[in-house]
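Structure, as C-alpha cells:
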Amino acid sequence: MKIIIFGGFLGSGKTTVIGRLIKGLADAGRTCAIIENEIGEVGIDDALLREAKVEVTPLFGGCVCCQISGSLIEAVGRIQDQIAPDYIIVEMTGLALMDGIQELFEKYGRPGVEVRTVCVVDMSRWKYLVTALAHIFDHQVGGADVVLLNKVDVEAPTDRTFETLREKAPQAKVVVLDEALKDPGALWAKLAECAAL
Amino acid sequence: MHDHHHTHEHGPDCGCGSGAHEHGPDCGCGEHAHEHGPDCDCGCHGHGNSVIDDALILSRSGTVRFEKPLRADSALDALVRKIQEICEAVAVDRVILGHVKALIQCEAGQAALSITRVDAPDVTVVGAWRDDAAVSECRLSLNILSVANTGARESVEALVAGLFE
C-alpha cells in the first residue's frame, strides 16, 4: 500500500486534482481511500469527494502537519486494517507544511508503507506564493516529490518559474497540468510515472 | 550482611518489569505518535502552528432565506455575489491569500463554490442540479481562510452574520 499526500496552498486545486486522480485510479482497477484534513469546522471538500463514491475520513480540529499528526497516523492505521486499499490519499490543509510529513510516517507509521508527496501550485497566484506567502510556499514545495503546476490557463509558467522551483525544490519532479492531464487516466499515468506509484 | 534497598526511575529500559512510562517521541515503545504543538518540545516543527494561529479562519453553517422564491440559477448567483462581498474584505488587489469555500444545498441540488480571486468564483455542481427549481431557502456551509487582512475579522463576521437568518 502506498500513501499519496497532497499539499499546496489554500485554493490551489488539490481537491479537484484528487477527484480526477480517483477516477483515473478506478479506471485502472486500483482502490483508494481518502483522508481529508480541513481547517475550519465545516466539511466541504469531503462532500465533493464522497460524490466519487470513495471512502472519505475527515480530520478536523487542526492541521495534520503539526497539531493533529497523531490523528493522521491513527486514521491511516485504521484504513489499512479495515479497507486495505491500494492507495491512501491524504489531502492536507492549505496551510500545512509538507517538509516534515515523510519523517512523521518514517517515525510513527507502520513499517513498509511508502509515502509520496505531491504539491499542487496555483500558478494564478504565483507572484504571491514567492513573495508574501514564501514562508509557507517554501515549506510546501520543499517537501514534495512531485510539484503540479495548476491553473496554467490563467498564468503559464515561464523559464523563471522552473528556475525558482529548481532552487526551492531540487528534489521534485515538476509537472504542468495542461489540458491533456485533465483526463483522469492521463493524470494517473503521469503521477504514477513521476512518483513511482 | 546488608540488605540494599534502592529506588530507581522506572522507564522503558529499566528492566524491573514495572513497565510504566510516559509515551513520547523518544520513548522507543513505538505505541503512538504524540500531538505536536508549541509545548511538545520534540523539536519536530517550529513554525507550523504560528501560520495557522495567525490566520483569519471562520466557519459557519446555517440557513439562508430569500425574500421571495427564486429560480435556482438566480439564487445561486445572488449567493455568490454576497460571498464575493465577503471576499473583498480579506482580498489583496482582489486576490485572496487563502480561500473562501462554500457548499450550497437546496431544492435544486448541491453546488460547491471556491474563490481565490474575487472576480473569478469557481462554481461546481455536485451531482444533479435543476436550474429551474424554485428556491426560497438553502443550507449554506462557509469556510473562510486568509493569511492577509486578518484584522478584518470583525467586519467579515458581520458580513457572514448578515447572510444567515
Response to the item:
With a 1.4 angstrom probe the carbon and sulfur portion of accessible area for chain A, in percent, totals 48 percent
Response to the item:
The alpha-carbon center of the stretch B:98-115 and that of the stretch A:132-197 are separated, in whole Å, by 27 Å
Worksheet item: Under the definition of partner shielding as Cβ atoms of other protein chains within 10 Å of a residue Cβ, what is the mean value for peptide B:95-108?
Response: 4
Discussion item. Beyond a 23 Å Cα-Cα separation, which of these cross-linked pairs lie in this structure: A:LYS23/A:LYS190; A:LYS14/A:LYS190; A:LYS23/A:LYS127?
Written reply: A:LYS23/A:LYS127
Worksheet item: Over all residues in A:122-129, what is the mean tally of Cβ atoms on other chains that come within 10 Å of each residue's Cβ?
Response: 3
Worksheet item: How well do other chains shield peptide A:9-17, expressed as the mean number of their Cβ atoms within 10 Å of each residue Cβ?
Response: 5
Worksheet item: Taking the stretch B:63-106, which trypsin sites (Lys or Arg not before Pro) meet the DSSP loop condition and have no more than 12 other C-beta atoms within 10 Å?
Response: B:ARG94
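The values are calculated or read from the model by the stated rules, or taken from the named source; none is laboratory data. Not measured: the values here are computed from a predicted model. Every residue, glycine as well, gets a Cβ built from its backbone with ideal geometry; the counts of neighbours run over all protein chains shown. Each accessible area value is taken on the protein alone, full model and side chains, heavy atoms only, with ligands, DNA and RNA left out. Shrake-Rupley method; radii C 1.70, N 1.55, O 1.52, S 1.80 Å.
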